Ligand code: XMP
């Protein structure tokens, strides 16, 4: 792949598509939407507005970090707090696909309102090839797939979608992101799904349960960083397990640690995490998050498991 040529072509393409109009970039701070935002900013300059939706489902410190990185690149990012809306749409839902569809609907209807407010016509988003393939295969309802499965975004939500990265796989997007001048903290970042921590909370997604998995995620990311896995995170199960806290029996939460190696996320193998690292994570999680009484490590490859839990 000729990265420089790809960037030139896409910048030109975005310029042609959007014309005199305005566009909004849906930025999450992941490598895909970050690369997409820089491409669109090069093409459109002030005709592009970049919005980060704070869904209430992001990792610790994420919104502020994204604003800081993009400020360094001369790109203003507006943070829109949509957490109430997302939690309301997810309340009471436990079925994985129902949760994904609720997230997708809230995501696009909220962006539809932003597009309308800004008098824009286009939403630029970082859909990549694997997202499309897996959604079309019916493996999961990826949050950012509409047209490819027959949903017209213009009819449903009032905007057209621009997807400059839709033919690339993750490792190619990283090359593009690097060439665009994004820092290593972004171009080498672990993939993180659009529906964010909602994909890692089994059962109902509530602010309390998200806070718990968020705290465990910080510990997993810190302790596993040196191993540089393709992706590593914590998952909160819906079941509970008996434990002992302060000498008393407690029926506490169960956290699963998942870490995988992969090239394109289409298949994956569990990371061979050294036992002492696993033990340290388990000790820290139970010590720092008292509601958790058990921690386990996930050993399943993809297939048959997927990387995320919903
Ligand atoms: P799975 O769980 O299907 O995930 O093995 C494959 C890769 O895709 C990420 N993923 C998503 N990314 N929106 C995204 O932007 C989504 O809805 C979504 N679901 C999963 C996942 O983190 C992994 O890297």
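Coordinate-derived values only; no laboratory data. Note that the structure is predicted; figures quoted are calculated from it, not measured. Virtual Cβ from ideal backbone geometry, glycine too; neighbours counted across all protein chains shown.
For 55, 17, 9, the sequence from fewest to most other C-beta atoms within 10 Å is 9, 17, 55. Which angle between 0 and 90 degrees, to the nearest 10, do you get for helix 275-288 versus the longest principal axis of the chain when only C-alpha atoms count? Relative to the chain, helix 275-288 is tipped by roughly 90 degrees. The Cα center of the range 1-48 and the Cα center of the range 67-84 differ in position by 16 Å.
For the chain, the longest principal axis of the Cα atoms and the long axis of helix 207-224 meet at an angle of about 90 degrees.
Quick one: grab the alpha carbon gyration tensor of the range 135-212, order the square roots of its eigenvalues as a ≥ b ≥ c, and give me rounded if a/c is under 1.5, else prolate or oblate depending on whether a/b is larger than b/c. List each step's numbers first, then the result.
Working: a/c = 1.98, a/b = 1.07, b/c = 1.85.
Oblate.
Expressed to the nearest 5 percent, the antiparallel share of DSSP beta bridges inside the chain is 40 percent.
Calculate, for residue 155 and residue 283, the FRET efficiency according to 1/(1 + (r/R0)^6) with r their C-beta to C-beta distance and R0 51 Å; round to the nearest 0.05.
Values: r = 53 Å, r/R0 = 1.04.
Between residue 155 and residue 283 the formula returns 0.45.
Quick check: residue separation of residue 8 and residue 301 times 0.36 nm, minus the Cα distance between them. What number comes out in nm?
Numbers: separation 293, 0.36 × 293 = 105.48 nm, distance 3.78 nm.
Stretched out fully, the residue 8 to residue 301 stretch lengthens by 101.7 nm.
Label-to-label distance for residue 98 and residue 276 is 4.7 nm, based on points extended 7 Å past Cα in the beta-carbon direction. Here the range 204-231 and the range 104-141 have alpha carbon centers that stand 25 Å from each other. Using the Cα gyration tensor of the range 73-227, with a ≥ b ≥ c the square roots of its eigenvalues, what is the shape: rounded (a/c below 1.5), prolate (a/b larger than b/c) or oblate (neither)? Judged from the Cα gyration tensor, the range 73-227 comes out rounded (a/c under 1.5).
Taking a ≥ b ≥ c as the square roots of the eigenvalues of the Cα gyration tensor of the chain, is the shape rounded (a/c under 1.5), prolate (a/b larger than b/c) or oblate? Before the final figure, lay out each step's value.
Values: a/c = 1.94, a/b = 1.62, b/c = 1.20.
Prolate is the answer for the chain, as a/c is 1.5 or above and a/b outweighs b/c.
In this calculation the C-beta distance from residue 113 to residue 266 is compared with R0 = 35 Å, giving a FRET efficiency of 0.55. Here 133, 279 are placed in order of increasing Cβ neighbour count within 10 Å, fewest first, which gives 279, 133. Angle of helix 170-179 to the longest C-alpha principal axis of the chain, folded into 0 to 90 degrees and rounded to 10: 60°. Remark: 299, 123 ranked as 299, 123, counting other beta-carbon atoms within 10 Å and listing the fewest first.
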